[in-house]
Structures are given as structure tokens and as C-alpha cells.
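What follows is a single structure, written as C-alpha cells, with notes after it.
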Amino acid sequence: MRYEEVIHRCFRCGYCKFTRNYYDFNCPSYLKYKFDTFSPGGRMWLIRAWLKGEIKNSPRLQEIFFSCATCANCVECCPFQFSEDLVEIFIAAKEEMVNSGIVPPQVRDYLKNIYTYGNPYKAPADERDRWAEDLPIETYEGHEYLFYVGCVGSYDERGRKIAKAVANLLIKAGLSMGIMRNQEICDGNEVRALGDLELFRHLAQRNIRLFKERGVKKIVTLDPHAFNAFKNHYKELGGNFQVHHYSQILAPLVNSGVFPLGRLEARVAFHDSCYLGRHNGEYQSPRAILRAIPGVELVELERNSENALCCGGGGGNFFTDILGGGENHPSRIRIKEALESGVSILAVTCPQCAKMLEDAAKAIGVDEELEILDVAEVVERAIGP
Amino acid sequence: MGELRFNENLCLNCTTFDCLKKCKFVKLNGAKGNLEMLKIARGEDSTVLRTCITCYACEEYCEKGNHPFYLISEKREEKGIDIVPRPILKQWINLGEPVGRYKVGELREKTLSFGFVPEFLQWVKGKLFEDVMPSYVFGQEFFCNVAYLHFGRTSVIKQRLPIVMDNFSKLGIKEVICLHDECYGAFTSLAPAFGIEVPFKPIHYYEYILKRLEQLKDKIRPLNIKVAYQRPCSSRLSPPMHYLAREIFTSIGVELVDRVYQDENALCCGEVVRLQGLYDLAEELQRENIEDIVKSGAEYCVFNCPYCYAALGHKLIKKGVKPIHIIELCRMALGEEV
Amino acid sequence: MKESIKSALIEIAGEEYVSTFEEELYFYGRDPGLSFPSNPHYVVLPENTEEIQQIVRLANKEGIPIVPLGAGLSLTGLAIPRRGGIVIDMKRMDRILEVNEKARFVIVEGGTSQGKLQAYLEKHYPRLRHSIPDAPPTATIAANVVIHGQGRLSQQYGFNSDLVAGMEVVLPSGEICKVGSCAVSPYWFSKGPPLPDISGLFLGWFGTTGIITKLAIKLYPRKKMRDLEIFVTDNENLISDIIYEVTHTEMVEDITIFAQPWPLFFKDNSHICIYFTGDTEEELEFKRRVIWKALEKFIESKEGGFMWVQPSMKPTFLDMPQRSVARFADVKRGGGFEYSGPILLVEKYPECMRKLRELSTKYNLAYSAMARIIDTAHCMMFAFAFAFNRADEDMVERARRAMAEVSKFIIEVGGVFWKPTVEEQKLTIEHIDSGTLKLLKMIKNHLDPNNIMNPSNWELR
């Protein structure tokens, strides 16, 4: 296994479970299950036990490995030199399981669907741009930017609304951009996080070939997950593109007064997406956008920025639902935290976070008092009809 | 490593007695100081061997270049006069011990020497250094060891410095840009004083920066700020280089304000004095220095030596003065984020 | 594993909080130290005192062991279930129940972590603090007092167990007992006085006499500023004199000492970290000066001096808990260290150092000495710490042998084991006063007649 030489170095001290300021535990799967086996230290010790043959691959072990949301809180908080590698170590363990062919059925189905359809929804490619039907958006043809929408933005009902909001703003700002429509395929970030590195390489190479053929130099993504894949994992496969998350493009535009922003009297908190924040260090752009809106009072949640709590959807859990629901699910904890901070809008920059948190708010029955909006949707609301 | 080239006759014929007359700490006027220096040269005991706080200033005050400070350091060790507590001495000698953990960049004949100052790994970047980076060396293997003058241990320097120079040579380095005065002083003052050959051309980083700023003058955005400057002790080993700081400030639109402890009248940052256990004196030096900087009305205090920066920086912040290293200041003028 | 017991546990705590999976049994059968593993049969995560009472009654009825667990960080195997049975992971019970600001105490549940209380106080009561140990922040407050832990306030106020202000304990019978003022008053301000102090029936017993489900600890002033000076000496014989002078100032918060051969900067010296606090710059600087002056004679004789702690180094030392302590585990790139940390006189420091170096050489192990001064230097905890590579069985074995020699040495030097391994507990019992042993047996037999509570620890029968 990759990183095999590191596994035994975990002291299971437990720093990894906390926020950096010890406010509370912050590992999504540990919060949910409460057994130490579901914490990063637990995984490290169990990976070693598994590799040494002291325990076997079992449904429980799979649940422990695949419930990791790859949120990188452990990377932030582990005091050891190998902390940077923690998420990659957990991916490597999943890769071992994938290669052995024994994985949870939900993971198997997800990977199969991506392989067969190029998306996890088993939906035809021609439906990819349905979200853009009534938008004056162009097909990518040598534009400055490729707007990469991704599977959730293309197929998920909530994701489509966000894709539309973001596209609307970029069009209004006059950004030279286009979309790939039915040629777009999965970026592979979750495939990689679930340990199928072979399928990831296949997807990445297809994307890289397509982007190069079409002369793409700059990409703006809707989804932080795609942003992460393109920015951090395509390079080694020859994909050198200038990659931006849409909030990074939007922040200077909003602040330069491109949009006619009206007043929006609202107390708003921002929920950091793990793949924008901890994985890529982008904490400021979304906040800069929200701060620029007259009337918006931006408040910070107890767990914010480097200490943000994951919605629980990362690492493929959005699709596989291995982390499941229930009272202790991180998304519900997050919603309660937002309510405690007295906000009426919880803003996000990720369609997966939006959906996870919206579902949690509904499950708790507070969706009337707390809206989950993408930052782009907040801007749209400030612009008005 | 050879004997110190100290010429007693120069002292005998001295008429200014500047070395100890100008000293802020030993305070020996006129011929009295001269007499003490002669006693030291002849191997006799002297109060100076106990009262010198190692500010290096007499190296600059002696216009004949007779190295009074190196002599004091030599004789202290010869006589077994410890100026710092033994455990502190051990700590610092251990600190500079080469352990094979050095770092080198992509070396060329001209290279930057970070000595053993980790801050340079962060500060040295951007346009200012792009024609030489990533050619750099860092680590104990390239540490000039001159700091042991503060501890009265020239033997450590004499033992290690030739090895350090050999390390440069082995890498085929022909020109070394020294980012710390102490390194530059080692190669241009101390090594010749002890008869050690230097197998490369030492360049002071002020010379380098000035040249680069000239090349980059189109990109300079004058900072229009007032700064005070903290001159370090090791700058006393190469006084002409010190005055280049003014030229650097001029070229980036920075006004150097007048202060009492300026140029030849510079005041020690106090930290070495503290290591010597002289708590009250160290406090007094730092208080006077900081008050002087604050009074000068400067927005920033510019440091040359990273250790002066570490000693005074956080205290200056509390007084509303921003500490900054001169490299950072230049990079700021080039529009870079520091 | 018996299905009937599993079902009963599920009935008590709910299905999702009971595990008999191989994975949990494997993990909860180990700790990060050198102890040999021993798996439990069940792991359960109760939510409240009532559930714990039911679990204890069940265990009593079935005659199976129970092992209460905080974060499992003792390193000496105190929560390894040597005879299987039920591990009760307390961490779901982590509510902070009450803070009495003016009386300076806090009541927490038995699974509350140090980290959570620390963050809570910083946010809600910035003028109050508790004695934070240097264990990782997951360490629970209850487990820490049960092992007589020490923390950042131990130099001033004693062991963390001295700072207990009341307890609610589930006895081995399943009954609840309140300890201290809370037994007769709504206020949890004292663990004993003016009543007969029965806290000693539980503190130091490693969960063999009961399970703490609620706990009050004393809080102390938290000043706005905190700083340190590090006094360095290579003359270990002077350590107790130096500590005597520093503690005489009554200006000092915490005093720790460390000595280690690597990095070279630390070689050959002992480093006395002297922490002090203040609400103003003036207060802080006054204390700094008093401390400097107190040690002037050692500086003048060149036997010791204050090292330069550069601003960039300070966060490492001022960190609470000090993360760098955990990092010692990776010195050998192997994720392990263990220490024996006896409580003994400060004057024994030189002998301890000599022994540590001797064993380090004999067994070819990386060492670190860490000491904490307790209660104005009435005693100190001296940690003989060895790092080991978990993947190197030979090194692990060498470390075990070195620790065994440390144990013998501790008895010789008049030390008392702190959080002793089972073997060290046996050594203690061998050397303990016969009258004391008789009383301890009476207490244990009376409280836990079926010997179900963390058996093999304090095995007095």
C-alpha cells in the first residue's frame, strides 16, 4: 500500500479529532459514530492491523474507511510531520480495498455508474446542460474560460439552481466563457477520494485531452471538488490549466461594482467547503463577496475557516451515504451551530454542501428559519429581479 | 588557522585612543584606554577583559584597523575569562555544530549564503533575487561562526571557519553573496586578520541589492515612509557597507529619520548582553534604543540583522513601530507581498 | 462474547453505541504505550449516569469486568481490558454542566475532555482557567484526576486531583454516591472538608472502586498575559537549589524541566522552564525581574544562565497543552513513546538523569527527561521517557526492558510510581506498609466484592 511506511507512526493522540482551538470534536465520522475507530487515529491503527493481517476486510472496516469525508481537519490538527499525508493515506487504504474488489455496495455502484455513464446519476450526457436551457450561455469555443459545471451542478436539482445562479452572474459580468455541454464528463475528484485511482486517471486523461483539443487554458469551476481535482491532481497527468473556483472570479467583480447590488438586510454565516478551504486555502474570496453586499451582516460560525466542520458529504459520502443520517450527522450539527449563531442564511460555495445542509435543515424542521443559499444566490438576491 | 595579526606598535604610536575612548561600556578616557589595550596585547590582565560587552564597535573605532576586539576576544579565552555562563556557551557551541542537515538550492558559481539564519528561507524570494535564486546555501556547514566572538571563543571560529570556506569551495562557488554582516565580516575582516585565505569573492548583500534595484528601477514604487534603522554589531566589521543602507533607502523612496543611536553611535540590541547575564544593562539598552526609535517618529524600524529583529521587533510593535527587515522593505517597494 | 449481554447492553445504550465488532475490540484493546494488548468483549458508549448504573449492575450480575475509559492516554495500559469484558468509553458524557464564576468551580460530566473545557472557559469565562495537563486535549478531566495527573497549575496548587471540588460516582454496586460538599449542599465547592474526605476512595484507584460520572474542579484566575524564561544549567546538582530559589519568589505559575540530547542545541543542559503571568506589562516585567534576580548567584558563578527564547520559539513553549510533547513519539519515526513518571523529591534529579542516560546507552534508545514541579517543590514528577519505533519489535522490546529497570530504580531512589503499569502496581504493593495494604484491601473488597472494576489494576487480593 502507498504510505505503508508511515502508518505505524500514528500515536493516536487524538489532536486530529478536534478543531485547532479545541472547541469541539471536528472529525465528521467520529462525531457521527463516537467510536474512536472512526477517528483518523482509529483508521491509522486499523489500516496497520489490516495490512498486518490482524483484522480482516469486513463490512465494518469498509464502513470505517469509506465514512471518512476527506475533510482534512486531521491534516490541519495532527501535530506530526506526516500530517500532510493523512487524507492521502486514507485514500490509499481505500485504494487497496478497491483493488481487492471488496468494497461497500454503494461505492461499487457509484464507481460503476461513473465508468458507464460518466456521471453518478446514470443520466444521459445530453441532459448535462439542461440547467442552462433558458440561459444565454455559449458553448465553449476558444473563450477565455471554460465554465466546468460538474455532475452535481449538471444533474442534481439543487445543484442546477446553483449552476444557473453562478452562470447568470458570470454572464452579467461579461466574462468570456463557455460550457462543454454534453461533452463534459465527471472530474473524478470523488472517484479518487473513494480510492479508484485507475478510474480517476482514465477520467482525468479524457478531460485533459478534451480540454487541450478545445484549447482550454483557464477553467472556472462551480464545485470546489472539481476545482481541487483540476488544481492538484491533473498536473501530474499533464493537465496544466489555470484553475479558479467561481468565487475567486466573482469576488473582484462584486467588489469592483460590476453588479447593481441592492440592500439585503440579513445576518449571514459562511460555511467553508473543505475542498475550497482546508484543501486549497481559499477562505477569503467567498467572504469578500458577502461582505460587499450592502446590508449583509457576515458572522462567523464557531467552527470556521481552518476549523470549519465538514457537511459530511466529502469523500464520496454525498453519493454513497455511508456516513448516513441521524442526529449526530455533521450536517445536522452544522445546522444547529448556524441556528445558535442567529443567522437566517447559511451561505455556501459548493453544491454538495448546499444539498447536504438543506436536507439536514429539513430533517430538523428548521428550513423555514434558516435558508441554505449559495454565495452566488445571495448575490442574485441582492441584485433583485 | 593563524595568529591574530595585531600590531602593538600601532597602539604605542596611537594618538586618538578611539578604541576604548569611544566605547559606550568600558568608558576609559584617553591614555588610560590605550594603556589597557597595551596590557591586553602584552598578555597582562585588564579590566576590559571583564567589562567589554562584545558590541564589536572598537573594530570600527580603530582607524588603523588593528583589530582591538579580536584581540580582546583572543586574550579572554587565553586567560580563561568566561563572559557567558558555561551552559549558555555550550548551548551556542552545540547550535553551530555541523550535523549534515544543510540545504542547498540549485547552485551556480554565484550563490547566496543564508548562513544559519532560517528566516532567510522565507524572506529571500521575488524579483530582487531572481537572477541568483535558487542558488543558495543554508545550514551550520555554511555558518561563519563569528558569533562566538560574543562568547569569547575565537578558538571555535578558528577551528570551524576554514572548514566552512572549504565547504563553499567544494561546491565550486566562486562568489558568495552574504546576507548577514557577520558572514561578510568573517570573510573580509576576520579571516584576513587571522591570516586565513578566502577562496571566493565575498559580496555584501547591500551591494547586491543596490545593483538589483538599479536594474529594477522601473518596477519600484516609492514607499514614501519614514524609517529608523537599527545597525547591528556585526556591521562594525565592514563599516563602508553600512553606509549603503542609505543609498538603498533613497532608491526605494524611503526617508531615513535621524536618531541618536545612528551610524557610528549605534546601540547594541541588548540580547547578547542578556545572555551574559547582565539583565539590568540589557533592559536599559533595549529601553533606550526603543525610546530613541519611537522618538524619531519613524513608522518602521528597519533591521539588517535578523537577531536584532528578533530581539527588538516584538517590543517595537507594542510601541506602535513596525519592524521590518531591509529585504522585506525592498520587496515591498517592488510591489511584492511581505 | 455473549449475545445475551450484547442485547442487554443494546437495551441500555442503544444499538449504535454498542460494538462487538472486531475493529472496535482491536482498537480498544490497545494503547499507545508499551503494554501488551488485550481485547475487550464489548465496547459501549453510555450517554448518562443512569446508563452507567445499568451497565455496572449488568456486569455485576454477569460477573464480567468493566473498564471505564477516557481517551486511553495513560501510556501505561491502565485502560487496557486485561480480562476482557466491557469497555465503557465515557466520551459521550461531555457536557459542561455549571460554572460558578465567583466561587471558581466548574461541574462537568465524566467524559468531558480537557480541550473542550479549555475552549469553553476561554470563550465564556476568560478570567478563569483550569490546570491543563500536557496530555493531548482529548484526555478527559475525570481520568486525569483519577490518575493524580498534573497540569499547568500544579506548581501553585498541587496535583490536579487536589483541585477536585466534588464528585458523583457510580459505585461497583451500581449505586450513586456523592463526594464532598455536593453531598449535603447544592454547591460543589469542596471534595471533602469540612466533611470526612472520602474522595480518596476513588482518586488514584484507576476506576477500580467506582466510575466518576460528574466532577467539579476548582478554577483559578486566568491572567491576560503569560510568558516564560528558560534557565539553563549543565550542573544537575544545582537543580534543587535553583528550584528552591525560584519557588521562593512565589511569582511563578508553572515550572517544568526538560533535558534531551537532540537537537544539539539542547545537549548537555537541563532547561528549567519558568512560566509567569500578569494582567499588565508591568506585572509581567516585575515578575520577570524578580525571577532573574532570584537566580543571579547562579549566573554570577557561570553555572547557569537564562537562554534566549526567541519570539519564534515561544508559541511552542506557551502552547497549552504543549503539542511538542506528543511529537516526541515520532523522534524515531515510529509513533511511540512511553515514560515512567514517578513522583519524588526534586533533589533526586541528578540521580534520575544519570539513570536515564545510562539506560539510554545500555538499550540504545532515544530519551527525553521531562519534569514538572509540584506544589511549591514539595515534590516533582520526573518522566523517564523513551521513544520507540512501533514497527521495530526489537526496539519495542528494548524499551520495555529499559522501563523495567526504571521501575526498580524508582523504588531504590524513594520515588512513588505515578500512573503505574500493572507491574509497577505490584512493586508498589510489595513495598507498601502492611497496615496500609490491609486498609486498601478492606476498601477494595468492600466496595467491589466481585472484583469487576478494571481488574488486574490494584490487584490487592
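Name the strands (runs of 3 or more DSSP E) wholly within segment C:68-169 that hold at least 3 residues that are more than 29 Å from C:Q425 (Cβ to Cβ) and not aromatic (F, W, Y)? Let's see the steps before the verdict.
On the way: elements: C:86-89, C:96-100, C:105-109.
Strands (runs of 3 or more DSSP E) meeting the threshold: C:96-100.
Restricting attention to strands (runs of 3 or more DSSP E) lying wholly within segment B:94-200, give those where 2 or more residues are closer than 22 Å to B:M241 by Cβ and in contact with a His (Cβ under 9 Å, 6 or more places away or on another chain). Walk me through how you get there before you give the answer.
Numbers: elements: B:110-113, B:136-138, B:175-178.
By residue number, B:175-178.
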**Fill in**
With the first residue restricted to segment B:76-92 and required to be more than 7 Å from chain C (Cβ to nearest Cβ), and the second required to be surrounded by fewer than 23 Cβ atoms within 10 Å (Cβ to Cβ) and of a type in the set (V, I, T), Cβ contacts under 7 Å at 6 or more apart or on different chains are none
**Message:** Step by step: first the residues of segment A:1-36, then only those that are part of a helix (DSSP H, G or I) and touching a Cys at 6+ places or on another chain (Cβ under 8 Å), then the one that is nearest to C:S74 (Cα to Cα). Which residue is that?
**Reply:** A:Y15
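With respect to C:P172, determine if the residue is on the phi < 0 side of the Ramachandran plot, within 14 Å of chain A (Cβ to nearest Cβ) and outside any strand (DSSP E or B). Explain how you work it out, then say what you get.
Working: on the phi < 0 side of the Ramachandran plot: yes; within 14 Å of chain A (Cβ to nearest Cβ): no; outside any strand (DSSP E or B): yes.
Answer is no for this residue.
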**Prompt:** How about segment C:317-330: which of its residues are part of a helix (DSSP H, G or I) and within 11 Å of chain A (Cβ to nearest Cβ)?
**Reply:** C:R323, C:S324, C:V325, C:A326, C:R327, C:F328, C:A329, C:D330
**Asked** Out of all the residues in segment B:296-338, which are of a type in the set (A, V, I, L, M) and within 14 Å of another protein chain (Cβ to nearest Cβ)?
**Response** B:A310, B:A311, B:L312, B:L316, B:I317
**Message:** For the condition over 30 Å from C:E358 (Cβ atoms), of a type in the set (S, T, N, Q) and surrounded by fewer than 15 Cβ atoms within 10 Å (Cβ to Cβ), what is the one hit in C:T280, C:T249?
**Reply:** C:T280
**Prompt:** Checking C:S19 against (1) among the polar types (S, T, N, Q); (2) more than 10 Å from chain A (Cβ to nearest Cβ); (3) out of contact with any Leu (no Cβ under 6 Å at 6 or more places or on another chain), which test does it fail?
**Reply:** (2)
**Request:** Of the conditions (1) touching a Leu at 6+ places or on another chain (Cβ under 6 Å); (2) surrounded by 20 or more Cβ atoms within 10 Å (Cβ to Cβ), B:G253 clears all except one; give me its number.
**Result:** (2)
**Request:** Quickly run through segment C:283-311 and pick out the residues that are loosely packed, with under 14 Cβ neighbours inside 10 Å, more than 7 Å from chain B (Cβ to nearest Cβ) and in a loop (DSSP other than H, G, I, E, B).
**Result:** C:S301
**Request:** Being β-branched (V, I, T) and surrounded by fewer than 21 Cβ atoms within 10 Å (Cβ to Cβ) is the filter; apply it to segment B:291-323 and report the residue that is nearest to B:E247 (Cα to Cα).
**Result:** B:V294
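Here is a check on your reading of the model: is A:F18 closer than 24 Å to A:H279 by Cα, touching a residue at least 60 places away in the same chain (Cβ under 8 Å), within 12 Å of chain C (Cβ to nearest Cβ) and among the aromatic types (F, W, Y)? Give the steps one after another, and end with the answer.
Numbers: closer than 24 Å to A:H279 by Cα: yes; touching a residue at least 60 places away in the same chain (Cβ under 8 Å): no; within 12 Å of chain C (Cβ to nearest Cβ): yes; among the aromatic types (F, W, Y): yes.
Here the answer is no, as A:F18 does not meet what is asked.
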**Prompt:** What are the residues in segment A:161-195 that are of a type in the set (G, A, S), in contact (Cβ under 8 Å) with a residue 40 or more places away in the chain, in contact with a helix residue (DSSP H, G or I) (Cβ under 8 Å, 6 or more places away or on another chain) and over 30 Å from A:K94 (Cα atoms), if any?
**Reply:** A:A163, A:A165, A:A173
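Among the listed residues A:A69, A:A123, which satisfies the condition of being more than 13 Å from chain C (Cβ to nearest Cβ), among the small types (G, A, S), more than 30 Å from C:G334 (Cβ to Cβ) and in a loop (DSSP other than H, G, I, E, B)?
Numbers: A:A69 fails: more than 30 Å from C:G334 (Cβ to Cβ).
None of the others qualify; the one that does is A:A123.
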**Odd one out for A:Y30 among (1) touching a Pro at 6+ places or on another chain (Cβ under 9 Å); (2) in contact (Cβ under 8 Å) with a residue 24 or more places away in the chain; (3) not polar (S, T, N, Q)** = (2)
**Request:** Answer yes or no as to whether C:I198 is buried (at least 19 other Cβ atoms within 10 Å of the Cβ), more than 14 Å from every other protein chain (Cβ to nearest Cβ) and β-branched (V, I, T).
**Result:** no
**Message:** Looking at the structure I just gave you, is C:R390 loosely packed, with under 15 Cβ neighbours inside 10 Å, within 30 Å of C:D330 (Cα to Cα) and assigned by TED's automatic domain parsing to the domain that holds C:I239?
**Reply:** no
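Would you be able to say whether some residue in segment B:50-68 is surrounded by fewer than 18 Cβ atoms within 10 Å (Cβ to Cβ), part of a helix (DSSP H, G or I), more than 19 Å from the chain's Cα centre (by Cα) and not aliphatic (A, V, I, L, M)?
If we filter segment B:50-68 for residues that are surrounded by fewer than 18 Cβ atoms within 10 Å (Cβ to Cβ), which is where we start, we get B:50-51, B:63-65.
Then drop every residue that is not part of a helix (DSSP H, G or I), which leaves B:50-51.
After this cut, where a residue has to be more than 19 Å from the chain's Cα centre (by Cα) as well, the list is B:50-51.
With not aliphatic (A, V, I, L, M) added as a condition, the list becomes B:50-51.
Within segment B:50-68, one or more residues are surrounded by fewer than 18 Cβ atoms within 10 Å (Cβ to Cβ), part of a helix (DSSP H, G or I), more than 19 Å from the chain's Cα centre (by Cα) and not aliphatic (A, V, I, L, M).
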**Prompt:** What number of residues within segment C:239-269 satisfy the criterion of being within 14 Å of chain B (Cβ to nearest Cβ), touching a Pro at 6+ places or on another chain (Cβ under 9 Å) and not in a loop (DSSP other than H, G, I, E, B)?
**Reply:** 1
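For A:L253, indicate whether it is under 21 Å from A:C350 (Cβ atoms), touching a residue at least 24 places away in the same chain (Cβ under 8 Å), in a loop (DSSP other than H, G, I, E, B) and not aromatic (F, W, Y).
The answer is no for A:L253.
Considering each residue of segment C:347-372, count those that are under 16 Å from C:N235 (Cβ atoms) and in a strand (DSSP E or B), and give that number.
The initial filter retains those residues of segment C:347-372 that are under 16 Å from C:N235 (Cβ atoms), namely C:347-354, C:357, C:369, C:371.
Next, only the ones that are in a strand (DSSP E or B) stay: C:369, C:371.
Counting residues in segment C:347-372 that are under 16 Å from C:N235 (Cβ atoms) and in a strand (DSSP E or B) gives 2.
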**Asked** What pairs can you find where one residue is in segment C:263-291 and more than 25 Å from C:S131 (Cβ to Cβ), the other is among the hydroxyl-bearing types (S, T, Y) and assigned to a helix (DSSP H, G or I), and their Cβ atoms are less than 8 Å apart, with a gap of 6+ or different chains?
**Response** C:R289/B:Y279
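Can you pull out the residues in segment A:26-44 that are more than 7 Å from every other protein chain (Cβ to nearest Cβ) and either surrounded by fewer than 24 Cβ atoms within 10 Å (Cβ to Cβ) or closer than 17 Å to A:G313 by Cβ (or both)? Steps first, answer last, please.
Here is the first cut: in segment A:26-44, the residues more than 7 Å from every other protein chain (Cβ to nearest Cβ) are A:26-33, A:38-41, A:43-44.
Answer for segment A:26-44, where residues must be more than 7 Å from every other protein chain (Cβ to nearest Cβ) and either surrounded by fewer than 24 Cβ atoms within 10 Å (Cβ to Cβ) or closer than 17 Å to A:G313 by Cβ (or both): A:N26, A:C27, A:P28, A:S29, A:Y30, A:L31, A:K32, A:Y33, A:F38.
Do we have B:F151 as closer than 17 Å to B:I88 by Cβ, not assigned by TED's automatic domain parsing to the domain that holds B:L71 and not basic (K, R) here? It would help to see each step written out before you state the result.
Working: closer than 17 Å to B:I88 by Cβ: yes; not assigned by TED's automatic domain parsing to the domain that holds B:L71: yes; not basic (K, R): yes.
Against the criterion (closer than 17 Å to B:I88 by Cβ, not assigned by TED's automatic domain parsing to the domain that holds B:L71 and not basic (K, R)), B:F151 qualifies.
The values are calculated or read from the model by the stated rules, or taken from the named source; none is laboratory data. Here the structure is a predicted model, which means the values were calculated and not measured. Reconstructed Cβ throughout: ideal geometry from the backbone, glycine too, with neighbour counts over all protein chains shown.
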